[in-house]
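Shown next, in structure tokens, is the structure this report addresses.
The values are calculated or read from the model by the stated rules, or taken from the named source; none is laboratory data. As the structure is a computational prediction, the values presented were derived from the model and not from experiment. A quick note on method: Cβ atoms are made from the backbone with ideal geometry, for glycine too, and the neighbour counts reach across all protein chains shown. Just the protein is used for accessible areas: all its heavy atoms, side chains included, with ligands, DNA and RNA removed. Shrake-Rupley method; radii C 1.70, N 1.55, O 1.52, S 1.80 Å.
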Amino acid sequence: MSDSFSTLQRRVLLGIVIAYSAAYLNRLNLSAGLGSLMDAFGVSAAAAGLLQTAFAIIYAAGQFINGAIVDRISPVRHILTGIVGTGICNLLMGFAGSYPVFMVLCMLNGAFQSMLWTPIVCLVALCFHTDSERGRANFVCSFTIVFGHLSAWAISGALIEAVGWRLSFIVPAVLMIPVLLAVLFLLRDIRGAGTGRVQQESAEDTPAPARVPALKAFMQTGFGFILIACVLSGFVRDGIVTWTPEILRGYMRGSSLSSTAFSLIIPCVNALGILAGYWLRRNTRNTRKMVSYMLFICTGFCLLLPVGRGILSCSLLMGFACACQFGINPMLTTLIPLEYDRLGRTGLAAGLIDSFIYIGSALAGVIDGGIYEASGSGMLFFTWAGSALLSAVVIYLAGTRRPMRAMEQLATAGSGKGEAE
């Protein structure tokens, strides 16, 4: 973390990294254990994929709700509630005795997990003030995805092989206890004012930006195109994340530990995608077009997947395709919502974007499971390629001159209104 950050900023950033890395540990253990859950509950691949769909539907709805309210309440309280709730859900999932019970707990876990990201974006918007600070903070936050994937797939895969799938949910749940204590300590001086502004207790109050009406803010700035791209991107990203361990397990003829070892290639390559996205973002002012370029590259890797026959080539190609998705993830979920800070709609924009990403994730769970069961991995790879291509085209349209000019005009009008008031 840069020395240019204040003590408060460094503490906030460390708290965010710890909280969201742990959240991924209690979320991605589901994808690591899909094969074992299919065996334990005697269900098909499509039924197992429905678990991810159920989680994602509730998560998407929760993001919409939390995005609408988090600009007005304490983001820290939201984060702490999410940490406690997801830990309890994972603990109970480890003791679930049937598929329906496990399904309900997945849905509850989605509700609590949805309480984490939108307040995190608000903390970034309100504790990091310049574009440079926000860019560097966002870069650090991006690696929570890598930490979460590595820990979830490594820990859960090893536990599944050694002692069974139940501890792959119980152990991450128990780890949330020290995480809760650490976040409480690191964010102890943060309070939320009624306007949604967050300050240190001794900090001077600053006025919140004037809120532009949501419909006006989103309709004129290409936000609808962004949301369509988010659905398609979420479909590809979480399709790869959810089904990689199971696809690789098929290559390894059911050896859970070996497939887990190869699946760890993907989060490692994802780190390269995040680094590439950060470097590219520093060299362009149009985040939306940069997202579209990386999605075009993702399409190419997905088209190559049917050609790769070995487990290593398949792992690398899925890794690079996923790396493109994870390179754009901080741009979609943080940098684009931060564009709406000037319109007073950061939390709502972040909530809607993450919500629509997980609508795509919900579709990936059940649709990908059905395709994989009916036609195998080859058709699944072509489905990902088509979705990535369409998302690239759609979000490119959101970055054209007209919506970007509308954003500037609304921000200028809102600033003038705020000064007049």
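Any residue at all in the stretch 146-153 that's without any contact (Cβ under 8 Å) to a residue 12 or more places away in the chain and surrounded by fewer than 20 Cβ atoms within 10 Å (Cβ to Cβ)?
No, the stretch 146-153 contains no residue that is without any contact (Cβ under 8 Å) to a residue 12 or more places away in the chain and surrounded by fewer than 20 Cβ atoms within 10 Å (Cβ to Cβ).
If you go through the stretch 109-131 one residue at a time, do you hit one that is assigned to a helix (DSSP H, G or I), touching a Leu at 6+ places or on another chain (Cβ under 8 Å), more than 29 Å from residue 10 (Cβ to Cβ) and modelled with pLDDT of 90 or more?
No - not one qualifying residue is present in the stretch 109-131.
Looking at residue 396 and the list (1) touching a helix residue (DSSP H, G or I) at 6+ places or on another chain (Cβ under 8 Å); (2) within 30 Å of residue 75 (Cβ to Cβ); (3) open to solvent by 40 Å² or more (accessible area, probe 1.4 Å), which single condition is not satisfied?
Just one mismatch for residue 396, condition (2).
Within the stretch 337-358, is even one residue among the β-branched types (Val, Ile, Thr), buried (at least 22 other Cβ atoms within 10 Å of the Cβ), at pLDDT 85 or above and under 23 Å from residue 292 (Cβ atoms)?
Our first condition is that a residue be among the β-branched types (Val, Ile, Thr); within the stretch 337-358, this holds for 346, 353, 357.
With buried (at least 22 other Cβ atoms within 10 Å of the Cβ) added as a condition, the list becomes 346, 353, 357.
When the remaining residues are screened for being at pLDDT 85 or above, the result is 353, 357.
Checking the rest, the ones that are also under 23 Å from residue 292 (Cβ atoms) come to 353, 357.
Yes; the residues of the stretch 337-358 include at least one that is among the β-branched types (Val, Ile, Thr), buried (at least 22 other Cβ atoms within 10 Å of the Cβ), at pLDDT 85 or above and under 23 Å from residue 292 (Cβ atoms).
Being of a type in the set (Phe, Trp, Tyr) and surrounded by fewer than 18 Cβ atoms within 10 Å (Cβ to Cβ): is that true of residue 95 here?
Considered against the rule, which asks whether it is of a type in the set (Phe, Trp, Tyr) and surrounded by fewer than 18 Cβ atoms within 10 Å (Cβ to Cβ), residue 95 comes out as yes.
Quick one: is residue 41 within 21 Å of the chain's Cα centre (by Cα), in contact (Cβ under 8 Å) with a residue 12 or more places away in the chain and open to solvent by 10 Å² or more (accessible area, probe 1.4 Å)?
So residue 41 fails the test.
If residue 365 satisfies every condition in (1) of a type outside the set (D, E, K, R); (2) more than 19 Å from residue 332 (Cβ to Cβ); (3) touching a Lys or Arg at 6+ places or on another chain (Cβ under 7 Å) but one, which is the exception?
(3)
Within the stretch 365-379, track down each residue that is among the polar types (S, T, N, Q) and either in contact with a Gly (Cβ under 9 Å, 6 or more places away or on another chain) or open to solvent by less than 60 Å² (accessible area, probe 1.4 Å) (or both).
Of everything in the stretch 365-379, just one residue is among the polar types (S, T, N, Q) and either in contact with a Gly (Cβ under 9 Å, 6 or more places away or on another chain) or open to solvent by less than 60 Å² (accessible area, probe 1.4 Å) (or both), namely 377.
Could you look through the stretch 304-321, keep only residues that are assigned to a helix (DSSP H, G or I) and in contact (Cβ under 8 Å) with a residue 60 or more places away in the chain, and pick out the one that is farthest from residue 355 (Cα to Cα)?
So the residue we want is 311.
Write out, first by first residue and then by second, each pair whose Cβ atoms fall under 7 Å of each other, whose residues are 6+ apart or on separate chains, and whose first residue, in the stretch 380-392, is touching a residue at least 40 places away in the same chain (Cβ under 8 Å) and open to solvent by less than 20 Å² (accessible area, probe 1.4 Å) while the second is among the charged types (D, E, K, R) and in a helix (DSSP H, G or I).
380/368
If residue 64 meets every condition in (1) out of contact with any Gly (no Cβ under 7 Å at 6 or more places or on another chain); (2) assigned to a helix (DSSP H, G or I); (3) crowded, with 18+ Cβ neighbours inside 10 Å apart from one, which number is that one?
(1)
Which of the following residues is touching a residue at least 40 places away in the same chain (Cβ under 8 Å) and touching a Cys at 6+ places or on another chain (Cβ under 8 Å): 91, 116, 123, 108?
108
Among helices (runs of 4 or more DSSP H) lying entirely in the stretch 153-262, which contain 3 or more residues that are modelled with pLDDT under 85 and on the phi < 0 side of the Ramachandran plot?
214-219, 223-251
Among the numbered criteria (1) of a type outside the set (Gly, Ala, Ser); (2) modelled with pLDDT of 85 or more; (3) within 14 Å of the chain's Cα centre (by Cα); (4) open to solvent by 10 Å² or more (accessible area, probe 1.4 Å), which single criterion is violated by residue 329?
The failed condition is (2).
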